[in-house]
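Here is the structure we will look at, set down as structure tokens.
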Amino acid sequence: MNPSLYMFFLLTLFLSTIITLASNHWLLAWIGLELNTLTMLPLITTPHHPRATEATMKYFMVQTTASTVILLAGAITAWQTGQWALTQPGSATAILLTLAILFKLGISPVHFWYPEVLQGATMTTALILSTWQKLAPLALLYMILNNLPNNLLLLLGLISVITGSWIGLNQTQLRKLMAYSSIGHMGWLLIALVMNPKLATFTLIIYLLMTTTMFIMMINTTTKTTLDIGTIWPHSPTQASFTMLTLLSLGGLPPLTGFSPKWLIIKDLTLNHLAPLATLLALMSLPALYFYVRLAYFTTLTTPPTTQLTTLMWRLKHTSNYTPAPIAVLTTLMMPLTATFYLTV
């Protein structure tokens, strides 16, 4: 794609998200979401490959369906209350909105499109889908939170954590694995949103940091499968070390940054007399931690004096050895600042 055109699409993507974040009107929020969707389509289909075309069509159909449901919910709200304010949906409208936002976020049980779209997109586009594209739907969820049934959100969050943990075990493609990782983290975020919106904001920031770091590492080292990740060390030992720490942080292993939101969420659940749910979440985080630790182990397969078990990749193109040091440090070593940051968010 032409660089100028690519920058235009990125700018439009940024502006459409800002429109949705700043809107207090159903129609304006819907326009922002639609503009956001239409901007993503050429980015997903950029490689001009049948798999990219298939991913683009899946993304278009799902996002259009979700936007239609949001517009329907807004029309019902206007018909019932005589106004288009985002913050005053009825009970039936709130359920419709929850369903539409779940579609847009790729949260279980309506997550089936999300791994397939990420697998058909490039790494850079997958990064955008996993991070920036979460902001607009989550902003709508924040706005209507007081009108949503808490028990439903807790149940959906638990289902997402279970789905992301168990199905992620069977993945060998890193983009699909990151998709199920995202589904699991969105489940934790939903539960945090019910407990404490400030905690949900903190969880979202940590998720964005960890996911961005992981995708940047994969882009820099051109790794796409679990087999490729074992060849990172000859390419860049520094990035291999950061990749291993980032994976362990994604799994929520203390004392890394990713442990902080899970720790605080389980604490809040226990204080609110939801210890069974906290126990289930802690148990379901173990399968996810297993596949993260497995990937972290793969990054050390080519370190001396380990026997070479994987075929080294031919990297004919010059790739930058740039290591995103600031964001990588935040991803791995921010846990000591958890209390200060959490209290000031």
Inset, instruction - Among the candidates Ser165, Ser182, single out the residue that is closer than 20 Å to Tyr59 by Cβ and buried (at least 21 other Cβ atoms within 10 Å of the Cβ). - result: Ser182
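Name the single residue, out of those in segment 72-93 being among the aliphatic types (A, V, I, L, M) and at pLDDT 80 or above, that is farthest from the chain's Cα centre (by Cα).
Of all residues in segment 72-93, those among the aliphatic types (A, V, I, L, M) come to 72-73, 75-76, 78, 85-86, 92.
Now drop any that are not at pLDDT 80 or above, which leaves 72-73, 75-76, 78.
Working: Leu72: 26, Ala73: 25, Ala75: 30, Ile76: 30, Ala78: 32 Å.
Ranking the qualifying residues of segment 72-93, first place goes to Ala78.
Examine segment 153-163 for a residue that is under 16 Å from Ala192 (Cβ atoms) and in contact with a His (Cβ under 8 Å, 6 or more places away or on another chain), and state whether such a residue exists. Don't jump to the end; show me each part of the working.
In the first step, residues of segment 153-163 are kept if they are under 16 Å from Ala192 (Cβ atoms); the result is 153-161.
Next, from what is left, pick out any that are in contact with a His (Cβ under 8 Å, 6 or more places away or on another chain): 160.
Yes, some residue in segment 153-163 is under 16 Å from Ala192 (Cβ atoms) and in contact with a His (Cβ under 8 Å, 6 or more places away or on another chain).
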Legend entry - Within segment 89-151, helices (runs of 4 or more DSSP H) holding 2 or more residues that are polar (S, T, N, Q) and surrounded by 18 or more Cβ atoms within 10 Å (Cβ to Cβ): 91-105, 123-130
Inset, instruction - Just one of (1) modelled with pLDDT of 90 or more; (2) of a type outside the set (A, V, I, L, M, F, W, C); (3) at positive phi trips up His48, so point out which. - result: (1)
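The values are calculated or read from the model by the stated rules, or taken from the named source; none is laboratory data. If you're wondering where the values come from, they're calculated on a predicted model, not measured in any experiment. Methodologically, a virtual Cβ is constructed for each residue, glycine included, from the backbone with ideal geometry; neighbour enumeration extends over all protein chains shown.
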